[in-house]
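The values are calculated or read from the model by the stated rules, or taken from the named source; none is laboratory data. If you're wondering where the values come from, they're calculated on a predicted model, not measured in any experiment. Cβ placement follows ideal geometry from the backbone for every residue including glycine, while neighbour counts extend to all protein chains displayed. Accessible surface areas use protein heavy atoms only, side chains included; no ligands, DNA or RNA. Shrake-Rupley method; radii C 1.70, N 1.55, O 1.52, S 1.80 Å.
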Amino acid sequence: MRFTPQDEEFRAEVRAWLDANLAGEFAGLRGAGGPGREHERYDERLAWNRHLAGAGWTCLGWPAEFGGRGATLAQQVIFHEEYARAGAPARVTIVGEELLGPTLIAFGTADQQARFLPPIRNVTELWCQGYSEPGAGSDLASVATKATRDGDDWVITGQKIWTSLAHVADWCFVLARTEPGSARSQGLSYLLVPMRQPGVTVRPIRQLTGTSDFNEVFFDGARTDAAHVVGEPGDGWRVAKATLALERGAAMLGLQVGFRRELADLIEVARHTGASTDPLLRDKLARAWIGLEAIRAYALDTLGGPDDRAEASVLKILWSRWHQALGELAMEILGAPSMTAQEDLDEWQRLFLFTRAETIYGGSDEIQRNIIATRALGLPRP
């Protein structure tokens with residue numbers, strides 16, 4: 001990817017706005033939130049997200065006719081990179097803005113777009129993703145949650161798990177089986193379900209970090225309007241796969257800027273503690289730097305190309321294993337004191353513990369390697 005002079009003007013605009021607005025009431029939000037820390041200053045981060053929306057900095061890639069900014073792919077990359085460089089707080093709108101919104105633009109009806117897109121853009125309704133189940137994690141086609149028609153409603157019964165931010169979400173897009181007797185990817189539908197109703201129970205899952213970003217969600221006769229099915233009933237697998245493909249996007253480059261800051265901070269810790277004089281640890285730090293450069297190069301090379309699940313799987317394995325290894329390296333550099341915690345975990349202990357999950361969520365390494373084997377290398381299915 002090459003940035004034009006116009007792109008660099010856009011970069012200067014983004015940087016100047018962030019510098020001017022991460023001040024006053026928002027000054028203390030730098031670095032707040034993120035994986036394993038979604039509980040941090042949540043109400044203030046929500047206010048910040050609405051401040052972004054008021055200035056036109058949400059839904060950048062959405063077409064203008066749907067309330068977006070119509071930003072180019074390069075401009076989206078620039079925004080996410082500068083957002084991360086500024087240390088701006090983790091956004092609470094990612095699921096709606098980057099997953100559901102583009103899905104509705106591609107597959108939704110005009111009524112669905114008019115009803116659901118403006119509240120996402122304005123940050124007045126928050127979303128979560130109802131995909132994984134206790135018996136259908138990475139094997140998503142095995143979902144057992146059922147939805148049946150009852151007059152003008154769908155009635156949903158079943159359980160979802162590992163549902164990020166379900167405890168604060170207003171709505172959930174749910175993959176459910178709507179055709180009795182169907183199996184695997186057949187007979188599934190993509191439903192938009194209100195969370196704040198009788199029949200929906202959310203139970204936080206306590207993580208190794210002591211926090212609860214993920215949740216179990218139980219649907220026990222929960223209802224949604226019959227018109228709240230995206231695509232045709234029974235065609236949910238196609239829509240759900242399109243949503244999953246959106247997880248590989250410009251925001252990935254911003255994530256890597258955050259990784260780069262973590263690595264730079266760890267190098268400073270190594271210098272301060274004297275660990276940088278250890279040849280083995282110096283070598284591991286150098287390899288971490290090289291690995292991050294390789295991830296960025298691969299992400300830029302494949303960004304915006306054809307929808308290729310194998311490429312997305314390669315990128316998922318690269319960044320999740322790199323980040324997990326960084327947490328392990330932090331423990332080595334800090335030595336024995338890293339094994340004991342006071343009342344709260346420090347940033348390196350939290351990094352080490354939370355990254356245990358990164359090679360599992362979003363599709364485990366085993367599933368990603370199977371996708372690469374079958375779709376990129378042409379090997380037989382296991």
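A compact table of results
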quantity	calculated
Percent accessible area from carbon and sulfur atoms, the stretch 1-130, protein chains only, probe 1.4 Å	53
Ranked by how many other beta carbons lie within 10 Å on average, peptides 21-32, 342-353 from highest	342-353, 21-32
Linear extension gain, residue 227 paired with residue 23, 0.36 nm per residue minus alpha-carbon span	69.1 nm
Between helix 5-21 and the chain: long-axis angle, C-alpha atoms, 0 to 90°, nearest 10	90
Per residue accessible area of the stretch 317-382, 1.4 Å probe, in Å²	57
Whole-percent carbon and sulfur share, accessible surface of the stretch 304-382, 1.4 Å	56
Accessible heavy-atom area order of 168, 193, highest first, probe of 1.4 Å	168, 193
Area of residue 262 that stays accessible when all protein chains are in place (1.4 Å probe, Å², to 10)	60
374, 355, ranked by accessible area, largest first (probe 1.4 Å)	374, 355
Cβ-defined net charge surrounding residue 223, 10 Å radius [Lys, Arg +1; Asp, Glu -1]	-4
Estimated 222 nm signal from helices in the chain, with DSSP H stretches of n ≥ 4 weighted -39500 (n - 2.57), rounded to 500	-13500 deg cm²/dmol
Amide H contacts under 5 Å for residue 172, placed H, 5+ residues apart	128, 193, 195
Per residue accessible area in Å² of the stretch 117-164, where ligands, DNA and RNA are left out and the probe is 1.4 Å	40
Folded to 0 to 90 degrees: helix 279-302 orientation relative to the chain principal axis, Cα	40
Distance (nanometres) between label positions extended 7 Å along Cα→Cβ at residue 40 and residue 343	1.7
The stretch 75-166: relative contact order as a whole-number percent, Cα under 8 Å and 6+ apart	22
The chain, relative contact order in percent, only Cα pairs under 8 angstrom and at least six apart counted	14
Exposure rank, largest accessible area first [105, 360, 371, 78; 1.4 Å]	360, 105, 371, 78
Modelled FRET efficiency - R0 22 Å, residue 379 with residue 298, Cβ distances, 0.05 increments	0.55
Per residue, in Å², the accessible surface of the stretch 172-222 once ligands and nucleic acids are set aside, probe 1.4 Å	44
On Cα atoms only, tilt of 73-85 relative to the major axis of the chain in degrees	50
Accessible-area value, residue 111, 1.4 Å probe, nucleic acids and ligands omitted, Å²	130
Inter-centroid distance (Cα atoms) of the stretch 25-93 relative to the stretch 142-195, Å	29
Cα-projected label distance for residue 287 with residue 265, points at 7 Å along beta-carbon direction, nm	2.4
Packing-based order for 6-13, 322-329, using average beta carbon neighbours within 10 Å, highest first	322-329, 6-13
